[in-house]
Amino acid sequence: MSTLLQPYNERMMEVLLHIQRNLDGDLSPERLSEIACFSVAHFHRTFKGMIGESLKEHVRRLRLERAAYKLCYTDLSVMDIALDARFESSETFSRAFKKRFKVPPSEYRGKSREMISPEGNGKIHYSPEPSVKGFKMDESPLQCEVDIRIREETRVAFIRHIGSYYDVMKAWDRLCSWGIGLDLLSESTEYLGLCYDDPDITPEGKIRYDACLSCQSEEDAPADIGFQIIPGGKYAVTTYYGAYSGLHDAYRELYGKWLPSSGYQIKNSLVSFEKYIKTSDDINSDDVVTEIWLGVY
């Protein structure tokens, strides 16, 4: 990659991280162009050229995907979720949601809850006016074991991957080759994957994932490698044993069964991440150990 592109990549990486962390904050072109050190006009052209969608499309899509997540995992009303997604009415929200997900919000909520039920038969249903009549909880036993752990903030070097979670090995090969070249890897190195998107919601081509290596300081790095801090704090941690293809079900178990009965709330400012304890080049290998970390309070 040309060294001429490095300042642009670094600036845009800062913008993307800021958007993800501040979906409810000031995401005006003026604020973001200031972060990127571009004029507003140049920022719009540069953003769309590098990201593949306009700033407005990007922010709107992320807010709609967050709304879909809340429809699935919370009992907030559609109106509250619409307002949270910066729509002025539930009608305009419903039209935008249906255009994005092919079904209206209420139908999406019902179908998504049917999908996360282990038997797929819709034991949990949503109603704008909930009633205990006919309400039946899923009483199947919790399969995962969850620990609450406190961790310090962690500085990491990372490479952003956009696309299927099954295609992240290229990012890892690139990152580890760089780390080995600088003799940065040791027994204490943590291998972490920041998982920003739910593949049930986000199109495969838009899924965001950061392959991360823990490091003590910011080393000289090419343009495709950045640095960030994974915040410290309280996390719920479950250990998954088996092929990566089963990780999605482990997430559903953690979010859909453990969390509602745990007494904890999701800390939205902390992205969930995976810590790779034992890995394999074969994504279908059962001889793999992965921890899932979920920020809670």
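Compute the length gained on full extension between GLU152 and GLU10: take 0.36 nm times their separation in residues and subtract their Cα-Cα distance, giving the result in nm to one decimal. Please list the in-between numbers first.
Working: separation 142, 0.36 × 142 = 51.12 nm, distance 2.54 nm.
Length gained between GLU152 and GLU10: 48.6 nm.
At R0 = 51 Å, how high is the FRET efficiency between VAL103 and ASP183 if r is their beta carbon distance? Nearest 0.05 is fine. Don't jump to the answer; show the numbers that get you there.
On the way: r = 52 Å, r/R0 = 1.02.
The calculated FRET efficiency here is 0.45.
Tell me the carbon and sulfur percent of the accessible area for the chain, rounded to whole percent, probe radius 1.4 Å. Don't jump to the answer; show the numbers that get you there.
Details: 8260 of 16310 Å².
C and S atoms contribute 51 percent here.
As a test of reading the structure, rank LYS98, LYS70 by solvent-accessible area (1.4 Å probe, protein chains only), most first. Walk me through the intermediate numbers first.
Details: LYS98 110, LYS70 35 Å².
Largest accessible area first, the residues go LYS98, LYS70.
State to the nearest 20 debye the size of the charge dipole of region 27-105 about its Cα centre, where the only charges are +1 on K and R beta carbons and -1 on D and E beta carbons.
Values: 15 positive and 10 negative charges, 74 e Å.
So the dipole magnitude of region 27-105 works out to roughly 360 debye.
Would any residue of region 228-253 have its amide N under 19 Å from a label point 7 Å out along Cα→Cβ of TYR166? List them or say none.
242-252
Based on the Cβ-Cβ distance from TYR241 to ASN268, what FRET efficiency comes out when R0 is 35 Å, to the nearest 0.05? Let's see the in-between values first.
Details: r = 29 Å, r/R0 = 0.81.
Step by step, r from the Cβ atoms, then E = 0.75.
One-quarter of the Cα convex hull surface for region 174-220, in nm²? Spell out each step's value before the answer.
Working: hull surface 17.0 nm².
Mean orientational projected area (region 174-220, Cα hull): 4.3 nm².
To the nearest 10 Å², what's THR279's accessible area with a 1.4 Å probe?
90 Å²
Mean separation of Cα pairs under 8 Å and 6+ residues apart, divided by the residue count of region 170-297: what relative contact order is that in percent?
29 percent
Straight-line reach from LYS267: which lysines have a Cα under 20 Å away, not including same-chain ones fewer than 8 places off?
Straight-distance partners of LYS267: LYS70, LYS234, LYS257, LYS275.
Write down the Kirkwood hydrodynamic radius of the chain, to one decimal in angstroms, obtained as one divided by the mean of 1/r over all alpha carbon pairs. Show your work: numbers first, answer last.
Values: mean 1/r = 0.0479 Å⁻¹.
About 20.9 Å for the chain.
What accessible surface, in Å², does a 1.4 Å probe find on ASP249, ignoring ligands, DNA and RNA and rounding to the nearest 10?
100 Å²
Of all the C-alpha pairs in region 204-267, what % are more than 21 Å from each other?
Working: 980 of 2016 pairs.
Taking all Cα-Cα pairs of region 204-267, the fraction more than 21 Å apart is 49 percent.
Counting helices only, and only those DSSP H runs with n ≥ 4, report the 222 nm mean residue ellipticity of the chain as the sum of -39,500 (n - 2.57) divided by its residues, in deg cm²/dmol to the nearest 500. Before the final figure, lay out each step's value.
Details: 10 runs with 110 residues, N = 297.
The helix-only estimate for the chain comes to -11000 deg cm²/dmol at 222 nm.
Given a Förster radius of 35 Å and the C-beta distance between ASP80 and CYS144 as r, what FRET efficiency does 1/(1 + (r/R0)^6) yield to the nearest 0.05?
Details: r = 30 Å, r/R0 = 0.84.
Computed FRET efficiency for ASP80 and CYS144 comes out at 0.75.
The values are calculated or read from the model by the stated rules, or taken from the named source; none is laboratory data. This one's a predicted model, so the numbers in the text were calculated from it and none came from an experiment. Every residue, glycine among them, receives a Cβ derived from its backbone with ideal geometry; neighbour counts consider all protein chains shown. Heavy atoms of the whole protein, side chains included, go into the accessibility calculation; ligands, DNA and RNA do not. Shrake-Rupley method; radii C 1.70, N 1.55, O 1.52, S 1.80 Å.
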